[in-house]
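The values are calculated or read from the model by the stated rules, or taken from the named source; none is laboratory data. None of the values given here were measured: they were computed from a predicted structure. Methodologically, a virtual Cβ is constructed for each residue, glycine included, from the backbone with ideal geometry; neighbour enumeration extends over all protein chains shown.
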Amino acid sequence: MPAEPGGFRRIGERERVGLGFLSVVSGTFVAPDGFTFERDIVRHPGAVCVVPLAEDGTVVCVRQYRSAVDEHVLEIPAGKMDVPGEPPELGARRELAEEVGLEAGTVTYLATFYNSPGFTDETTHCFLAEELREVGRASVGVEERYMTVEKVALDDVFSLVGEGTLVDGKTIVAMLLAKRLVDGRSTGAGPETAGR
């Protein structure tokens, strides 16, 4: 059956490498003109990230070693959706407690985005956490044992990105969305008009 005009169609895929929580597959597709082609794809269970906003307007971040880039990177708390059936909001709350030892009175959904759709199906669900209280950290993994907790002002997000202090994509996206929401509250604008 040919693809619809202007559309692509996936025929199927086969796993090439299974790596625990992720896998690499070869997918077979049909282009609109009937040409059949393959693409390698990284399958990922998805992730969550959370902007923990303290009452003083600072965001609680972590600086942790990232082996893929061989650097310590400043990020917001985040992690894989590796608990079967766990809703994204609960995953965000879990990562908040594990990484920075905080619990949120309120959690607000910000957005979901594809991390890099050119090669992976990974999505990240972003949340804003407020009304924070300490509950104690439960570090998981060697990197988390050595990471540090740091605070940055949400109002400084643009300069932090511009000067290269924030280079992590999920952190940039989530903090900009959180700033837009918070600024909209203070001006009386809804989240759909804040920042325009």
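Quick notes on this one:
- Residue in the range 111-126 that is free of Cβ contacts under 8 Å to residues at least 60 places away in the same chain and farther than 22 Å from Asp82 by Cα present: yes
- Screening Ala174 on (1) surrounded by 12 or more Cβ atoms within 10 Å (Cβ to Cβ); (2) over 30 Å from Glu38 (Cβ atoms); (3) over 13 Å from the mean Cα position of the chain (by Cα) shows it passes everything except condition (3).
- Every residue from the range 125-159 that is under 24 Å from Asp70 (Cβ atoms) and in contact with a helix residue (DSSP H, G or I) (Cβ under 8 Å, 6 or more places away or on another chain): Ser139, Val140, Glu144, Met147, Val149, Val152
- Selection of the range 106-152 for residues being modelled with pLDDT of 95 or more and among the basic types (Lys, Arg) yields Arg133, Lys151.
- Total residues in the range 161-189, condition in a helix (DSSP H, G or I), in contact (Cβ under 8 Å) with a residue 60 or more places away in the chain and more than 17 Å from Ala111 (Cβ to Cβ): 0
- Residue match in the range 111-120 (condition: touching a helix residue (DSSP H, G or I) at 6+ places or on another chain (Cβ under 6 Å) and aliphatic (A, V, I, L, M)): yes
- Elements of type strands (runs of 3 or more DSSP E) in the range 1-84, at least 2 residues being in the same structural domain as Val100 (by TED's automatic domain parsing), free of Cβ contacts under 8 Å to residues at least 24 places away in the same chain and touching a helix residue (DSSP H, G or I) at 6+ places or on another chain (Cβ under 7 Å): none
- Top-ranked residue of the range 177-196 - restricted to ones that are modelled with pLDDT of 95 or more and among the charged types (D, E, K, R), ranked as surrounded by the most Cβ atoms within 10 Å (Cβ to Cβ): Lys179
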